[in-house]
Amino acid sequence: MLTTLLLSGLLALNPFRPALPTPLAATVVRSVDPCRLYGSVYLETDPRRRSQCFGVVYQEPEEAFADVLVYQETNKLFADKVGLWYLTDSRDFADYVLFVTDNRNLADFSFHYTKARAFAGCRKQ
């Protein structure tokens, strides 16, 4: 009886199990890769909802300095490659919610709208 009690107590404490790993979210800093964004996008301008957004972007007035050239698709099904965005009217139906900032230094990346679908995409750096 005593041996059963000691054995069950030893198994409950289990000194041989490995240490619990730290959560991945606590150790990895999330970085936004602009070369992977496509599909339906909602551009948020309310600063109170900034923490709920996927990333922070800056709309570049000049094409030469933008990280991504974006072509606005009129159909969500055609926004299937990098730089092809379908802008939604609702946050709930968007694949990505991006906060648009006025300060370029606070942005994760910048984008510029293009009129030619062939020019849309990520700039090689």
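Values for this structure:
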| quantity | calculated |
| --- | --- |
| Orphan Cys of the chain, criterion: no other Cys C-beta under 4.7 Å | 53 |
| Stretch gain in nm, segment residue 104-residue 78, where the contour uses 0.36 nm per residue and the Cα spacing is subtracted | 6.4 nm |
| Value at 222 nm in deg cm²/dmol, rounded to 500, when DSSP H runs of n ≥ 4 in the chain each add -39,500 (n - 2.57) | -3500 deg cm²/dmol |
| Exposure proxy ranking, count of Cβ atoms within 10 Å, fewest first, for 40, 8 | 8, 40 |
| Residues in the range 34-71 that a label on residue 92 would reach, taking backbone N under 20 Å of a point 7 Å out along Cα→Cβ | 40-46, 49-50, 52-54 |
| Anchor residue 124: lysines whose Cα lies under 17 Å away (excluding residues fewer than 8 positions away in-chain) | 81 |
| Distance (nanometres) between label positions extended 7 Å along Cα→Cβ at residue 6 and residue 46 | 6.5 |
| Antiparallel DSSP beta bridges within the chain, as percent of all bridges there, nearest 5 | 10 |
| Candidate values [x] 9.9; [y] 8.9; [z] 13.2, label of the one derived for mean projected area of the Cα convex hull in nm² | [z] |
| Placed amide H near residue 66: partners under 5 Å, 5+ positions off or other chain | none |
| C-alpha long axis of helix 2-13 to longest principal axis of the chain, angle in ° | 10 |
| Charge dipole (the chain, unit charges on Cβ, about Cα centre) - positive-most of 82, 14, 110 | 14 |
| Residue-by-residue Karplus 3J(HN,Hα) for the range 35-51, coefficients 6.51, -1.76, 1.60, Hz, glycine and proline x | 7, 10, 8, 7, x, 7, 10, 10, 9, 8, 10, 7, x, 6, 9, 4, 5 |
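Values in this text are rule-based calculations from the coordinates and carry no lab data. Since this is a predicted model, take the numbers as computed values, not measurements. Counting neighbours? That spans all protein chains shown, and the Cβs are built from the backbone with ideal geometry, glycine included.
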